[in-house]
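This report refers to the structure that appears directly beneath it.
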Amino acid sequence: FCSVSKICPAKWSSNLPLRPGSPMVRVQLRCAIGGRSLRPLLSAERGERLCLLGAVANSSIGPRASIGSRLSFGRLSADVCDGRPLQRTLSSSSTAPVAPRNVREEQVAINKELQGLSDAVSIGHTVERHGGILGLSLFNLLTALHRLAKLPYPAPGAVGAGSREELASWADRLVGGITRRLAGDDPDPELAKGLGVQVNWLSRTAWAAAKASQRLDMQREPLRALLIEVAELTSSRLLAADARVKPRDASNLLWAFGSAEVRSLPLLAVLKQQLPSIGAELSSQDIANLAWALERLQALDPEAMDVICEGALRNSRGFNAAGLASVLGALARACREMPTAQQPPSLTAFVSTAAQQLGSLRAFQEARGMELAQICWAFAALGHKGHSAYGAVVERASQIGWESLEPRDLATIAWSLAAAGAARGPAMDGIAAAAALCAHAFDSQGLTNLCWAMASSEVACTPELFSAAGAAATAAIAECDAFSGRQLSNLSWAFATAAYFHTDLMPVLTAAAERRLPELFAAELTSLLWSLAVLSDAENVAAAVGEGGASATPAPLAALALRALLVDTAAADARLRLGWGAREVANLLWALAVLGIHSEAAIARGARVLSGALRGAGADVALDVHLGQWYVAWFACSVELNLQGQLSGSSGIDSDWLQHCRAVARQRAESQHAGPESSSRLHEWVSREVRAVVGQGERVVDEFLIADCLLVDVALPARRTVLEVDGPSHFVALLPLSASAGGPGAAERRRLDGGSGLKRRLLRQLGWQVLSVTGEQWTRLRGGREQRDFLRRLLAQSPPEAPSPLPSPSLATAGRCTPKVYRGCLTRGNGEEL
């Protein structure tokens with residue numbers, strides 16, 4: 001502000017020219033006219049004109065009276081904000097009287113001019129032409145802001161006049177000017193401190209400001225200041241007059257506050273109090289806005305949810321695709337942690353009705369990828385199991401073309417279909433083909449969700465997708481370490497479950513997990529180790545164990561997990577001490593056994609955790625699968641530490657506990673050996689030819705149980721030889737794909753998985769010779785003669801100088817540890833940082 005002196009009261013001039021290009025100047029004049037205090041504001045914008053607005057205190061003179069009269073100054077001297085003096089000499093005889101103007105007509109004319117504009121760029125020029133921010137009334141400013149929120153904008157990247165940056169600057173100035181008028185900091189020709197502004201105008205103001213901010217990426221603080229003023233005025237209007245808010249005004253107000261994430265508790269309270277009375281009048285658009293905003297503002301309580309769901313039921317056929325997506329999405333985000341049986345009846349009824357009507361809604365036939373993804377996600381998050389809704393989403397996406405969907409939408413639809421158990425071959429194949437072409441464009445969460453969905457669904461996982469996804473994840477981790485600990489865990493689980501070892505990704509993923517050790521929870525760490533165990537190189541692990549060592553690849557992860565399981569008090573492990581239930585303990589011990597890492601103390605600790613869960617101590621539950629995993633770990637520890645001379649035998653494990661686990665493991669081995677029908681046919685075929693080769697004089701046993709736990713396909717007990725018939729489920733494929741994949745060299749691009757490797761390692765250490773025949777080898781043999789010749793050569797191999805048969809550990813038996821069983825032992829997470 002400038003200080004002004006030597007003013008000679010005579011006539012006022014409302015059009016004082018300033019130097020072109022001068023900055024905006026706001027001058028505070030203090031003088032006395034007839035003993036009354038006068039405080040007019042002068043402003044100059046862009047050197048065009050100096051506008052004078054007068055506010056008279058303790059006087060009957062109206063604010064516009066001083067503008068309507070012509071006054072002149074003597075010599076005016078002022079100190080400008082930048083320190084340079086501004087001097088102008090004004091003549092008292094240079095002006096003539098001007099007739100008074102009709103203020104109301106002037107405002108209406110300006111409003112009509114603003115409403116007639118066809119582009120946003122013209123708004124700023126129009127405001128300047130009528131005197132700038134201070135030259136317009138509050139209602140003119142509201143109209144200007146409303147038009148700025150709705151009119152077309154220049155294309156992104158435009159610079160200079162009319163650029164988005166200039167429009168954002170104008171929006172900030174309009175928002176700031178309106179805020180000052182509502183607060184009474186700037187005088188207004190029609191208002192005094194905002195009195196007289198009705199709720200409908202406040203609602204439109206909030207909506208326009210939030211919309212402009214959303215479109216132009218405005219500064220946050222001016223918008224926040226305006227919404228706080230709007231909230232205060234709206235609450236006071238509705239409470240003081242006991243007024244009833246209109247449905248569209250409530251919708252617009254809450255949408256604006258939700259969009260800006262400004263949470264006003266008084267406003268929320270007064271609007272939610274009126275929701276039941278206006279519920280019957282809510283349109284589909286109002287319901288969509290209310291549901292979205294209340295959920296975003298964390299205010300979607302049961303009462304508000306009932307109003308929204310009942311209104312949505314009445315308007316179920318009135319929603320467009322975006323509105324239906326908003327309502328379902330808001331309800332799903334509010335209730336996704338709630339069991340289906342505990343959901344409000346109104347919610348259940350609306351979801352069921354929406355699912356039944358989805359395919360027949362005319363508006364749904366125009367849904368875009370983003371809306372399809374949100375609708376599909378909402379149904380899955382709410383636990384809806386009816387396949388008609390998912391079928392409608394898939395049909396519409398197929399019409400659009402999977403390849404036209406954005407990566408985020410592809411990942412969301414894939415996750416939703418898998419989570420709901422609605423994944424079907426054609427849909428997942430279409431998603432996989434489209435995603436493989438743009439894998440590099442997925443963010444870390446999208447890539448994780450996509451791989452999780454493909455691995456979780458009961459359809460074939462395409463190597464092309466996992467090869468492309470692995471390359472994209474490798475680049476993302478190497479460039480910006482973009483994956484969180486949970487995402488690394490879920491991603492590794494997906495590759496292990498799909499039986500793909502990506503040679504580029506897994507070392508980078510393991511290193512990234514080691515960098516994120518402090519942020520890992522027990523479930524995430526054990527999932528990582530389980531995945532690394534399934535994908536481990538069985539031959540390298542066997543060689544390391546034979547030399548008295550263990551697999552070194554996941555050593556830091558394994559060491560941290562062991563410390564946490566044994567209740568290490570290190571502060572860095574604080575998070576890991578949380579969540580050690582039956583599942584986590586069993587997965588960890590099984591994974592360590594596969595990797596050749598043994599700890600008698602960890603085995604004993606695991607037995608205590610599992611026995612407590614088995615007795616029902618707390619919410620944790622120990623399943624048979626967990627007992628089987630624990631027993632495999634105990635058996636491997638006993639055998640391999642004994643061979644290495646490191647078994648102390650002082651773990652103190654109760655014999656009754658061992659007996660119980662022995663029975664469970666035996667039962668699981670006998671009942672779960674059955675694989676796919678094709679594998680059973682192959683097994684029977686090979687077994688028949690083995691009998692033909694060895695003759696009736698030698699005993700051949702199918703599905704032979706060794707040491708009460710290790711079930712083998714074909715056994716020749718007299719030779720202490722087993723023949724494993726290896727179908728695809730015994731192997732992991734090596735990625736990325738090479739030119740030889742699918743050709744004669746494809747067999748070189750796969751290896752035994754970790755569970756099969758552990759089983760064969762233990763059999764050899766118990767003195768059995770392990771032979772194998774793969775499905776590919778067998779089907780390439782032409783006819784029975786070639787097949788029998790192959791078996792003769794195989795069985796004629798001289799067994800190596802194996803150790804004498806070793807007795808199994810006391811009461812030792814273990815459950816089946818091949819991936820067919822243990823791949824499903826790891827309880828699936830939901831694949832997102834939801």
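The values are calculated or read from the model by the stated rules, or taken from the named source; none is laboratory data. Just so it is clear, the model here is predicted, and its values are computed rather than measured. Please note: Cβ atoms are built from the backbone with ideal geometry, for glycine as well, and neighbour counts cover all protein chains shown. Side chains are part of the model used for accessible areas, which takes the heavy atoms of the whole protein and leaves out ligands, DNA and RNA. Shrake-Rupley method; radii C 1.70, N 1.55, O 1.52, S 1.80 Å.
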Euclidean distance between Cα centres, the stretch 301-350 to the stretch 195-212, Å:
28
For SER236 paired with LEU705, estimate the spin-label separation in nm (one decimal), with each label point 7 Å from Cα along the Cα-to-Cβ line.
8.2
Does the stretch 218-296 classify as rounded, prolate or oblate by the C-alpha gyration tensor (a ≥ b ≥ c root eigenvalues; a/c under 1.5 gives rounded; else a/b over b/c gives prolate, otherwise oblate)?
oblate
Taking the highest mean first, how do the peptides 773-783, 460-470 order by number of other beta carbon atoms within 10 angstrom per residue?
460-470, 773-783
Surface per residue (accessible, 1.4 Å probe) for the stretch 339-448, Å²:
41
In order over the stretch 459-471: 3J(HN,Hα) from phi, Karplus 6.51/-1.76/1.60, θ = phi - 60°, whole Hz, x for each Gly or Pro, gives 10, 5, 8, 6, x, 4, 5, 5, 5, 5, 5, x, 5
Relative contact order as a percentage, the stretch 680-728, C-alpha pairs under 8 Å and 6+ apart, gives 28
Ignoring ligands and nucleic acids, what accessible area does ASP789 show with a 1.4 Å probe (Å², nearest 10)?
60
In the stretch 423-458, which residues have a backbone nitrogen under 19 Å from the label point lying 7 Å from GLU479's Cα in the Cα-to-Cβ direction?
435-451
Go ahead and run the numbers for FRET between GLU281 and ASP624, Cβ-Cβ distance against an R0 of 45 Å, rounding to 0.05.
0.20
Solvent-accessible heavy-atom area per residue, rounded to whole Å², over the stretch 104-154 at 1.4 Å
38
Pop a pseudo-label 7 angstrom from the Cα along the beta-carbon direction at both GLU106 and ASP217 and give the gap in nm to one decimal.
3.9
If you take the beta carbon distance between LEU151 and ARG368 as r and set R0 to 35 Å, what does 1/(1 + (r/R0)^6) give as a FRET efficiency, to the nearest 0.05?
0.90
Percent RCO, i.e. relative contact order, over the stretch 165-314, from Cα pairs under 8 Å lying at least 6 residues apart
22
FRET efficiency (GLU261, GLN667; Cβ distance; R0 60 Å; to 0.05) is 0.60
Per the C-alpha gyration tensor (a ≥ b ≥ c, the square roots of its eigenvalues), the stretch 355-430 is rounded if a/c is under 1.5, else prolate if a/b beats b/c, else oblate; here it's rounded
Length released on extending from GLU514 to ALA692, taking residue separation times 0.36 nm less the Cα-Cα span
58.7 nm
Can you pull the one-decimal nm distance between simple spin-label points at GLU303 and ARG608, each 7 Å off the Cα toward Cβ?
5.1
Carbon and sulfur atoms: what percent of the 1.4 Å accessible area of the stretch 254-372 do they account for?
50
Averaged per residue, what accessible surface does the stretch 174-265 expose to a 1.4 Å probe, in Å²?
43
